[in-house]
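*Asks:* One structure, pasted below without further comment.
The values are calculated or read from the model by the stated rules, or taken from the named source; none is laboratory data. Keep in mind it's a predicted model, so treat the numbers as computed, not measured. Glycine gets a Cβ as well: all are built from the backbone with ideal geometry, and neighbour counts include every protein chain shown. Areas reflect the complete protein model, heavy atoms only, side chains present, ligands, DNA and RNA absent. Shrake-Rupley method; radii C 1.70, N 1.55, O 1.52, S 1.80 Å.
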2 protein chains.
Amino acid sequence: MVLDGQDRWRLNNALPISSQIYALLRDRIVRNEFAPGERISEAEIAKLCEVSRQPVREAFIKLAGENLLEIRPQRGTIITKIAYTAVLDARFLREAIEADIVSILASRSDTALVRELRDQVSRQRELGQSRSAEFIQLDEHFHHTLAQEAGKGGAWKLLEGLKSQMDRVRFLSLSQFPIGRLVAQHSALVDRIERGDVSGANAAIRTHLREVLTDLPSILAANPQFFDLPDGTVLQPANAPIQGGIDHEH
Amino acid sequence: MVLDGQDRWRLNNALPISSQIYALLRDRIVRNEFAPGERISEAEIAKLCEVSRQPVREAFIKLAGENLLEIRPQRGTIITKIAYTAVLDARFLREAIEADIVSILASRSDTALVRELRDQVSRQRELGQSRSAEFIQLDEHFHHTLAQEAGKGGAWKLLEGLKSQMDRVRFLSLSQFPIGRLVAQHSALVDRIERGDVSGANAAIRTHLREVLTDLPSILAANPQFFDLPDGTVLQPANAPIQGGIDHEH
DNA sequence: GCTACCATACTGCCATACTAGTACTCAAAA
DNA sequence: TTTTGAGTACTAGTATGGCAGTATGGTAGC
């Protein structure tokens with residue numbers, strides 16, 4: 001593991017230590033500040049944070065539950081590689097739920113909500129192309145707002161664990177993030193919600209979510225060591241339509 | 001907590017203790033052998049299993065991650081009540097992913113798969129109305145097979161944690177389980193997969209998944225103490241169409 | 001009878017120590 | 001030179017004890 005110089009990682013004492021270690025490690029893993037495949041040990045992190053192994057261990061267990069760590073008894077713990085198929089699976093799940101969410105929003109035309117979303121979009125626009133990391137935060141907030149307002153905040157929380165793998169890819173693709181296009185898609189989405197255009201909003205969010213992973217193959221090509229490819233995986237564009245299509249009755 | 005007489009809970013030594021405690025507790029919670037809202041303590045379980053508190057604690061952490069336990073620091077740990085909204089959210093998620101799965105299967109007509117599925121359906125039919133608990137296992141296996149064969153086994157695993165809340169409801173509804181109808185739906189689904197009828201298979205799985213929770217309101221009425229209802233929740237049939245509709249482009 | 005307070009018995013959280021299992025180094029034997 | 005085996009330095013898993021915070025029951029004061 002790459003130490004941050006010789007610094008210790010500072011914690012506060014408002015929350016349980018294990019929770020802080022968890023949040024701290026998760027953030028670093030998702031941002032790919034650890035190399036996938038790299039070893040990480042309880043004792044090492046404990047020493048770095050000047051705490052005992054126990055809270056570190058509990059954080060490890062939670063991270064392993066999200067498939068960010070693989071704990072191998074008596075052998076060691078490693079940062080998992082980004083599972084290519086898990087990324088695609090997570091995207092399908094997210095697309096399905098968010099499509100429902102915007103459908104709900106569009107079908108009830110809440111003017112206060114539309115105003116709030118427009119505010120967020122302008123803030124996103126102001127960032128400019130250079131501030132990709134901050135954009136991801138705003139993007140996260142935008143989508144969270146959608147879920148919350150649709151009364152699906154609970155479902156959103158359930159999905160957060162699944163998003164981990166997708167998030168790692170997003171941070172890998174920071175440099176080639178087409179922020180302008182994503183913001184425009186957000187804006188178009190809000191337009192359609194405002195007009196009560198259910199199917200239009202639906203299509204907009206689906207297109208948007210596929211955009212995020214458009215460059216997955218090229219990212220994979222540029223960082224093959226970060227990924228875990230099942231044998232015989234055939235690379236195809238991540239934004240291909242869902243095979244077989246989806247038909248919902250009403 | 002209701003002790004099983006004065007017995008201890010036997011563990012083997014093939015797996016880590018914490019994993020065994022986790023599996024043991026999860027099974028009991030999902031089967032509603034603990035009363036939701038009831039307190040449960042590390043020390044109590046540790047004593048019962050004749051192990052130290054540490055592995056029990058680690059099992060608690062994993063269970064809390066699935067929202068089966070609520071750990072309140074310095075106050076105690078309780079079995080969560082079944083979150084009514086979480087059940088509905090989980091159903092939406094499951095419906096979305098399984099609809100994709102059967103679409104994939106229907107669009108490629110795998111005769112070996114169809115044979116396997118038919119075998120499973122006949123075994124389900126043989127059980128008869130009286131063996132609800134065993135039926136749930138077979139049902140689980142059936143749906144798992146669908147996911148596996150569609151190459152979405154990974155996504156299925158991701159969803160397992162979310163299914164916990166739904167499973168608790170299913171065990172509550174054991175007595176009034178319309179097994180005959182569910183098996184017939186399975187059979188109809190296989191028919192449509194065999195015919196390559198994508199949209200038909202899609203509709204079949206959606207209807208089927210809604211069936212499982214059809215009786216949610218009556219279950220809730222019969223066991224109000226098991227459920228956690230957000231204030232102002234308006235009870236409505238769990239199998240209502242998704243608000244706003246879902247339109248997928250192709 | 002009511003309120004404020006305090007002792008007590010819990011709770012979960014963390015530190016420490018120890019166990020058992022694995023990987024690795026390096027020297028001795030073939 | 002290659003192979004083997006013992007020793008060592010790790011790893012995660014578990015047991016135990018002490019800590020701080022919380023609920024509870026009873027009591028003193030009103």
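*Asks:* Quick one: would you say B:GLU160 is of a type in the set (Asp, Glu), under 30 Å from B:GLU70 (Cβ atoms) and either in contact with a Phe, Trp or Tyr (Cβ under 8 Å, 6 or more places away or on another chain) or surrounded by fewer than 21 Cβ atoms within 10 Å (Cβ to Cβ) (or both)? Steps first, please.
*Replies:* Working: of a type in the set (Asp, Glu): yes; under 30 Å from B:GLU70 (Cβ atoms): yes; either in contact with a Phe, Trp or Tyr (Cβ under 8 Å, 6 or more places away or on another chain) or surrounded by fewer than 21 Cβ atoms within 10 Å (Cβ to Cβ) (or both): yes.
Judged against the criteria, B:GLU160 is a match.
*Asks:* Turning to a different aspect of this structure: When the residues of the range A:118-142 are narrowed to those that are not in a helix (DSSP H, G or I) and not hydroxyl-bearing (Ser, Thr, Tyr), which ends up nearest to the chain's Cα centre (by Cα)? Lay out the reasoning, then the answer.
*Replies:* Within the range A:118-142, the subset not in a helix (DSSP H, G or I) is A:128-131.
From what's left, not hydroxyl-bearing (Ser, Thr, Tyr): A:128-129, A:131.
Working: A:GLY128: 21, A:GLN129: 20, A:ARG131: 17 Å.
Among residues in the range A:118-142 that are not in a helix (DSSP H, G or I) and not hydroxyl-bearing (Ser, Thr, Tyr), the one nearest to the chain's Cα centre (by Cα) is A:ARG131.
Yes/no matrix, rows are residues, columns are (1) in contact with a Gly (Cβ under 6 Å, 6 or more places away or on another chain); (2) more than 30 Å from B:GLY153 (Cβ to Cβ); (3) of a type in the set (Asp, Glu):
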site: A:GLU95; (1), (2), (3): no, no, yes
site: A:ILE101; (1), (2), (3): no, no, no
site: A:SER109; (1), (2), (3): yes, yes, no
site: A:GLN120; (1), (2), (3): no, yes, no
site: A:ILE136; (1), (2), (3): no, no, no
site: A:GLU149; (1), (2), (3): no, yes, yes
site: A:GLU160; (1), (2), (3): no, no, yes
site: A:SER164; (1), (2), (3): no, no, no
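*Asks:* Could I ask something else about it? If B:ARG108 passes every condition in (1) surrounded by fewer than 19 Cβ atoms within 10 Å (Cβ to Cβ); (2) not assigned by TED's automatic domain parsing to the domain that holds B:LEU158 but one, which one does it miss?
*Replies:* Every condition holds for B:ARG108 apart from (2).
*Asks:* Going by the conditions given, is B:THR145 part of a loop (DSSP other than H, G, I, E, B), under 18 Å from the mean Cα position of the chain (by Cα) and either within 14 Å of another protein chain (Cβ to nearest Cβ) or surrounded by fewer than 19 Cβ atoms within 10 Å (Cβ to Cβ) (or both)?
*Replies:* Criteria not met by B:THR145.
*Asks:* Considering each of A:LEU68, A:LEU63 in turn, give the residue that is modelled with pLDDT of 90 or more, away from DNA strand D (no atom under 12 Å from the Cβ) and under 23 Å from the mean Cα position of the chain (by Cα). Break it down into steps so the answer makes sense when it comes.
*Replies:* Working: A:LEU63 fails: away from DNA strand D (no atom under 12 Å from the Cβ).
Sole residue among the options that is modelled with pLDDT of 90 or more, away from DNA strand D (no atom under 12 Å from the Cβ) and under 23 Å from the mean Cα position of the chain (by Cα): A:LEU68.
*Asks:* Please specify each residue of the range B:155-184 satisfying the condition of being over 22 Å from B:GLN120 (Cα atoms) and free of Cβ contacts under 8 Å to residues at least 24 places away in the same chain.
*Replies:* The answer is B:LEU158, and nothing else.
*Asks:* Closer than 30 Å to B:GLU66 by Cβ, surrounded by 18 or more Cβ atoms within 10 Å (Cβ to Cβ) and either away from chain A (no Cβ under 13 Å) or in contact with a Phe, Trp or Tyr (Cβ under 8 Å, 6 or more places away or on another chain) (or both): is that true of B:ILE97 in this structure? Step through it out loud before you land on a result.
*Replies:* Working: closer than 30 Å to B:GLU66 by Cβ: yes; surrounded by 18 or more Cβ atoms within 10 Å (Cβ to Cβ): yes; either away from chain A (no Cβ under 13 Å) or in contact with a Phe, Trp or Tyr (Cβ under 8 Å, 6 or more places away or on another chain) (or both): yes.
Yes; evaluated as a whole, the condition is true for this residue.
*Asks:* Here's a follow-up. Can you find a residue in the range A:108-117 that is within 14 Å of another protein chain (Cβ to nearest Cβ), within 12 Å of DNA strand C (Cβ to nearest atom) and of a type in the set (S, T, N, Q)?
*Replies:* No, there is no match, as no residue in the range A:108-117 is within 14 Å of another protein chain (Cβ to nearest Cβ), within 12 Å of DNA strand C (Cβ to nearest atom) and of a type in the set (S, T, N, Q).
*Asks:* Related question: List pairs: first in the range A:186-198 and within 14 Å of chain B (Cβ to nearest Cβ), second assigned to a loop (DSSP other than H, G, I, E, B) and crowded, with 19+ Cβ neighbours inside 10 Å, Cβ under 8 Å, 6+ apart or cross-chain?
*Replies:* These pairs meet every condition: A:VAL198/B:GLY244.
*Asks:* Could you check the range A:23-76 and list, in sequence order, the residues that are within 13 Å of DNA strand C (Cβ to nearest atom), of a type in the set (Val, Ile, Thr) and touching a residue at least 12 places away in the same chain (Cβ under 8 Å)?
*Replies:* Listed by number, the residues that qualify are A:ILE45, A:VAL51, A:VAL56.
*Asks:* Could you figure out which of (1) more than 12 Å from DNA strand D (Cβ to nearest atom); (2) not assigned by TED's automatic domain parsing to the domain that holds A:GLY161 isn't true of A:ARG75?
*Replies:* All conditions pass for A:ARG75, except number (1).
*Asks:* Right, another one. I'd like to check something: does the range A:169-191 contain any residue that is in contact with a strand residue (DSSP E or B) (Cβ under 7 Å, 6 or more places away or on another chain), surrounded by 15 or more Cβ atoms within 10 Å (Cβ to Cβ) and closer than 25 Å to B:LEU159 by Cα?
*Replies:* Yes, because at least one residue in the range A:169-191 is in contact with a strand residue (DSSP E or B) (Cβ under 7 Å, 6 or more places away or on another chain), surrounded by 15 or more Cβ atoms within 10 Å (Cβ to Cβ) and closer than 25 Å to B:LEU159 by Cα.
*Asks:* State yes or no: is A:ILE136 touching a Lys or Arg at 6+ places or on another chain (Cβ under 9 Å) and more than 23 Å from A:PHE226 (Cα to Cα)? It would help to see each step written out before you state the result.
*Replies:* Working: touching a Lys or Arg at 6+ places or on another chain (Cβ under 9 Å): yes; more than 23 Å from A:PHE226 (Cα to Cα): no.
Criteria not met by A:ILE136.
*Asks:* Any chance the range B:218-235 includes a residue that's assigned to a loop (DSSP other than H, G, I, E, B), modelled with pLDDT under 85, buried (at least 18 other Cβ atoms within 10 Å of the Cβ) and more than 11 Å from every other protein chain (Cβ to nearest Cβ)?
*Replies:* Of the residues in the range B:218-235, the ones assigned to a loop (DSSP other than H, G, I, E, B) are B:223, B:229-235.
Subset that is modelled with pLDDT under 85: B:229-235.
Those left that are additionally buried (at least 18 other Cβ atoms within 10 Å of the Cβ): none.
No: the range B:218-235 contains no residue that is assigned to a loop (DSSP other than H, G, I, E, B), modelled with pLDDT under 85, buried (at least 18 other Cβ atoms within 10 Å of the Cβ) and more than 11 Å from every other protein chain (Cβ to nearest Cβ).
*Asks:* I've got another one for you. Go through (1) hydrophobic (A, V, I, L, M, F, W, C); (2) more than 14 Å from chain A (Cβ to nearest Cβ); (3) open to solvent by less than 10 Å² (accessible area, probe 1.4 Å); (4) away from DNA strand C (no atom under 16 Å from the Cβ) one by one and return the number of the condition B:ILE79 breaks.
*Replies:* That leaves (4) as the condition not met.
*Asks:* Let me ask something else about it. Any chance the range A:39-61 includes a residue that's part of a loop (DSSP other than H, G, I, E, B), under 22 Å from B:LEU159 (Cβ atoms) and within 12 Å of another protein chain (Cβ to nearest Cβ)?
*Replies:* First, the residues of the range A:39-61 that are part of a loop (DSSP other than H, G, I, E, B): A:41, A:50-52.
Next, from what is left, pick out any that are under 22 Å from B:LEU159 (Cβ atoms): none.
Within the range A:39-61, none of the residues are part of a loop (DSSP other than H, G, I, E, B), under 22 Å from B:LEU159 (Cβ atoms) and within 12 Å of another protein chain (Cβ to nearest Cβ).
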